[in-house]
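Asker: One structure is given below, represented as structure tokens, and several questions about it will come after.
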Amino acid sequence: MAQAGGPVVVADEPDVAAVAAPAGYDWTGLYAGLSAISGTFSDDGGLTSDGTGGFGLQAGYLRDFGTLVAGGELAYAKGDYDAFPASDWTSTRLKLIGGYGAGRLMPYGFVGLSKYDVDQTTPLSDTVTIYGVGAKYAVTPKIAVGLEYLVENKTNYDNTGFDLENSEIALRVDYRF
């Protein structure tokens with residue numbers, strides 16, 4: 001039978017394009033920044049002091065492997081002991097960092113070593129272990145802010161017979177290159 005107007009043309013179904021996933025944030029690259037530090041120093045001999053008004057400088061490199069982020073950091077921190085007016089401390093730190101790249105947020109942990117110096121009448125200095133956790137948030141592609149908790153430990157610090165523990169919280173701002 002003939003149809004009025006001729007044969008019916010069946011239109012092809014339109015191609016459905018997959019929706020692209022949003023691009024993840026890439027933590028790879030060099031960074032440098034500043035930190036404001038507050039913490040507590042104690043030893044097994046009963047000495048304890050709060051340290052406020054400390055500051056730090058840090059520089060490092062991170063490599064983003066997808067969800068795993070790894071890298072290293074060199075940092076310098078300086079502060080004073082409230083309970084010991086004549087004592088300031090400095091710490092030069094080398095950290096190995098491992099984190100989770102969750103977009104613009106990166107929680108991380110670290111381990112490392114520091115050269116912890118106490119400037120007093122008789123200066124003290126020793127290499128101590130460090131460890132801690134932190135998190136960074138990329139506010140812009142170039143600026144990241146973060147919070148970090150760090151502990152420095154040493155048994156028999158500088159052969160004094162005392163066990164040192166310095167724990168601190170740092171608010172950090174990094175510029176990414």
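Asker: If contacts are Cα pairs under 8 angstrom and at least 6 residues apart, what is the relative contact order of the stretch 101-146 in percent?
Answerer: 38
Asker: What number comes out for the charge environment of Leu147, summing +1 per Lys or Arg and -1 per Asp or Glu over other residues with Cβ under 9 Å away? Each step should come with its number before you reach the end.
Answerer: Details: positive: Lys136, Arg172; negative: Glu148.
In short, +1.
Asker: Do you know the relative contact order of the stretch 60-177, to the nearest whole percent, from alpha carbon pairs under 8 angstrom that are 6+ apart? Please list the in-between numbers first.
Answerer: On the way: 279 pairs, mean separation 19.4, N = 118.
Rounded, it is 16 percent for the stretch 60-177.
Asker: How long is the gain from Ser42 to Thr28 if the chain were fully straight, where each residue apart is worth 0.36 nm and the alpha carbon distance is subtracted?
Answerer: Working: separation 14, 0.36 × 14 = 5.04 nm, distance 3.67 nm.
Gain in length upon complete extension: 1.4 nm.
Asker: Say each of Leu171 and Lys78 gets a label point 7 Å from the Cα, pointing the same way as Cα to Cβ; how far apart are those two points in nm?
Answerer: Between Leu171 and Lys78, the simple spin-label model gives 2.1 nm.
Asker: Would you mind getting me the FRET efficiency between Ser125 and Phe55? Use the beta-carbon distance for r and R0 = 22 Å, nearest 0.05. Intermediate results must be reported in sequence, preceding the final value.
Answerer: On the way: r = 20 Å, r/R0 = 0.91.
Efficiency for this residue pair is about 0.65.
Quick note: the coordinates plus some simple rules give every number you see, no bench work behind them. It should be emphasised that the depicted structure is a prediction, and the values quoted were computed from it without experimental measurement. A quick note on method: Cβ atoms are made from the backbone with ideal geometry, for glycine too, and the neighbour counts reach across all protein chains shown.
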